Amino acid sequence: MGVIDTHAHLFSKDFENDIEEVIYRAKIAGVEKVLLPNIDETTIVNLKKCVSLDPAFFKPMMGLHPTSVEKNWEQQLEAIYKEIAEYEYYAVGEIGVDLYWDISHEKEQISAFEEQLKWSTDRGLPVSIHFRNATKEVIDSIKRVGENSVRGVFHSFGGNKDELDAILQLKNFMVGVNGVVTFKNSGLSETLIHCPFDRVVLETDSPYLAPVPYRGKRNESSYIQEIVRRLSEIWQKSEAEVEKITSTNAMKIFGLEN
């Protein structure tokens, strides 16, 4: 069993000149599948173009990213919903709430997030959640919509043990671990010791958050092996075991097949 990158933006302009080479390096590194989370209505065409390069390798999501939410979010969601209704997607994402840079659209973000959570329950799809500086707000939204009917991943987890515990109380959710776990001062290694093996999936969030020793460079899916190595050290398991555990988790939560 290969490793699954559950969150990468390989359809972004950062890869427009060498996407074929990026795919090749990923496969050589043992990456079996890459899930692609959409950003907003402007990225749909590029997302689908990327998937068409290798539909067995790329698995698309569809959603409206919280930092793209505007005052007219209801109109924005019309284009997103049309896609979900007409094409095959493996998750509703990337969705959520981001209160790091700007809180002026907090109300709109929460409304758009909860509407998309409802789509996920209606269609039986998991969600990929962005929750920067908004763990409580996101969990509150999940509980309002119905925590027993929603499942998915808290993408790019980098929180403390209290935040991890709050997420783990939601029985249908996992945490996405990426290059942050390799950062010396992130503290994430100490937190993940307390996380059950069956609640973790791996991701790169390419082109962002490249792991050590690539930190500061453009990230890509092949670098996921650095995350595997670090998690192997934390869990005291072989790299092959880490790959098997996390890929099994990814297939379960996203409904993927071998």
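The values are calculated or read from the model by the stated rules, or taken from the named source; none is laboratory data. It should be emphasised that the depicted structure is a prediction, and the values quoted were computed from it without experimental measurement. Positions of Cβ are generated from backbone atoms using ideal geometry, with glycine treated the same way; all protein chains shown enter the neighbour counts. SASA here: full protein model, heavy atoms, side chains in, ligands and nucleic acids out. Shrake-Rupley method; radii C 1.70, N 1.55, O 1.52, S 1.80 Å.
The table for this structure:
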{"read-out": "Length added when fully stretched, Q169-E114, from 0.36 nm per residue minus Cα-Cα", "value": "17.9 nm"}
{"read-out": "Global form of the stretch 31-85, assessed from the alpha-carbon gyration tensor, a/c cut-off 1.5", "value": "prolate"}
{"read-out": "Apportionment of accessible area to carbon and sulfur, the stretch 110-258, percent (1.4 Å)", "value": "45 percent"}
{"read-out": "Reciprocal of mean inverse Cα separation for the chain (Kirkwood radius, Å)", "value": "18.1 Å"}
{"read-out": "Nearest-0.05 FRET efficiency for R25 and K136, computed from C-beta distance (R0 45 Å)", "value": "0.70"}
{"read-out": "Cross-link pairs K71/K184; K184/K244; K136/K237; K13/K143; K118/K184 - those with Cα-Cα distance over 29 Å", "value": "K71/K184; K136/K237; K13/K143; K118/K184"}
{"read-out": "Computed over the stretch 108-202, the ratio Rg/Rh where both radii use C-alpha atoms and Rh is Kirkwood", "value": "0.97"}
{"read-out": "Exposure rank, largest accessible area first [H9, H105, H194; 1.4 Å]", "value": "H194, H105, H9"}
{"read-out": "F197 accessible area, assembled protein chains, probe 1.4 Å, Å²", "value": "80 Å²"}
{"read-out": "Stretch gain in nm, segment R144-S238, where the contour uses 0.36 nm per residue and the Cα spacing is subtracted", "value": "29.8 nm"}
{"read-out": "Difference of contour (0.36 nm per residue) and Cα-Cα distance, N185 to N160", "value": "7.7 nm"}
{"read-out": "Whole-angstrom gap from the stretch 84-132 to the stretch 19-82, using each part's C-alpha centre", "value": "14 Å"}
{"read-out": "Zero-based 5 Å bins, Cα pair distances in the stretch 55-160, whole percents", "value": "2, 13, 26, 25, 20, 10, 4, 1, 0"}
{"read-out": "Dimensionless Rg over Rh [the stretch 58-108; C-alpha; Kirkwood]", "value": "1.02"}
{"read-out": "Kirkwood Rh and Cα Rg combined as Rg over Rh, evaluated for the stretch 158-258", "value": "0.94"}
{"read-out": "Under 15 Å from the Y208 label point (7 Å along Cα→beta-carbon), backbone N, the stretch 35-59", "value": "36-40"}
{"read-out": "Surface per residue (accessible, 1.4 Å probe) for the chain, Å²", "value": "45 Å²"}
{"read-out": "K49 versus I103: modelled label distance in nm, points set 7 Å from Cα along the beta carbon direction", "value": "3.9 nm"}
